[in-house]
Amino acid sequence: MLRFFRNIRQKLAAENNVVKYLRYAIGEILLVVIGILIALQINNWNDLQKQQKLEKEYYCRLLEDTNQDKEQINNLIGLAKNRLKASNQAVRLLLKNKVKKVEIGNQIHLSTKAIYFDFKPNNSAFEDLKSGANLNIISDKSIIKSLNHYFNKVEELKSIIKVNGEHAVNILFSHEDNFVNGLNQSSMTSSRFLTGMEQDVYDAMPKNYDELLSDKIKTRLLNEALEYLSVNTRQLELYNYMMDEIDILEDLLESKCAISNNSY
């Protein structure tokens, strides 16, 4: 092709026809310009395809992080439900005339188990997205707005959960003698005392599993059990709020990820 144009150029130059030569030169320039424009268009199209592919990948990565958050929250909701059930059982026992220390100790332990557990949202995809110029890859800016709202709301709810958890833990550790409230007795039947104590130490420990609570300590523990019940009710409520936020974000990202996969 280049040889063909070169031959034409040489022929026109030999004929010494300036007008024809200029027309040819202009035409050749136009062909070169058109070629460059086509190449730029193809390059822009390739860049756009790469950007759209990366955007699709981010939608699915964000959805994966959200699904992991949902699994984590479901576990925390399960723990909160178990604590709430134990709190109710503690109140139920303490309303009786007589209650064994070991029985109430078990329920107090279960009422506060993992109450201070912290939810850690998966934000790896979002943090990666925010780095550099990646944020501009997301064409639907409502997604960015929804993600910011989600993480801000989660932090707000987490702070309330933390305050409530600290309140319950402070109550739990306010007793100077855990033989009085039955916590040590319950630990003798399970948990770390049972597995961690060497046999001679375990044998030497007082283990009167039929010992009853005094009326004074029973009144105090009833008030504390009601606090645990209140805290666990609130924890469950807050985790369900988190789940609502996750469901909203999940629905949005599922539609985006599904569209992305169907467009491949």
When you scan the range 61-99, how many residues do you find that are without any contact (Cβ under 8 Å) to a residue 60 or more places away in the chain and either in contact with a strand residue (DSSP E or B) (Cβ under 9 Å, 6 or more places away or on another chain) or within 30 Å of Asp128 (Cα to Cα) (or both)?
5
Which of the residues that make up the range 133-147 are of a type in the set (Gly, Ala, Ser) and surrounded by 13 or more Cβ atoms within 10 Å (Cβ to Cβ)?
Ser146
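Within the range 71-86, take every residue that is of a type in the set (Gly, Ala, Ser) and crowded, with 17+ Cβ neighbours inside 10 Å and give me the one that is nearest to the chain's Cα centre (by Cα).
My answer is Ala80.
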Enumerated helices (runs of 4 or more DSSP H) restricted to the range 1-120, each holding at least 2 residues that are modelled with pLDDT of 65 or more, among the hydrophobic types (A, V, I, L, M, F, W, C) and closer than 30 Å to Met242 by Cα
18-94, 101-112
Please verify whether the range 246-262 includes one or more residues that are surrounded by fewer than 17 Cβ atoms within 10 Å (Cβ to Cβ) and farther than 30 Å from Tyr58 by Cα.
no
Positions within the range 106-157 being over 30 Å from Met188 (Cβ atoms) and among the basic types (Lys, Arg), in sequence order
Lys120, Lys130, Lys141, Lys145, Lys153
When the residues of the range 101-131 are filtered to those that are under 26 Å from Asn181 (Cβ atoms) and among the polar types (S, T, N, Q), which remaining residue is surrounded by the most Cβ atoms within 10 Å (Cβ to Cβ)?
Ser111
Working only within the range 105-154, note down all residues that are within 30 Å of Leu222 (Cβ to Cβ) and among the acidic types (Asp, Glu).
Asp118
At least 1 residues that are of a type outside the set (Asp, Glu) and farther than 30 Å from Lys96 by Cβ in each: list the helices (runs of 4 or more DSSP H) lying fully within the range 121-223 that qualify.
124-130, 141-172, 191-196, 199-204
Among the residues of the range 148-163, is any surrounded by 15 or more Cβ atoms within 10 Å (Cβ to Cβ) and either among the small types (Gly, Ala, Ser) or more than 22 Å from the chain's Cα centre (by Cα) (or both)?
no
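The values are calculated or read from the model by the stated rules, or taken from the named source; none is laboratory data. Worth saying up front: this structure is predicted, and the values here are computed from it rather than measured. Virtual Cβ from ideal backbone geometry, glycine too; neighbours counted across all protein chains shown.
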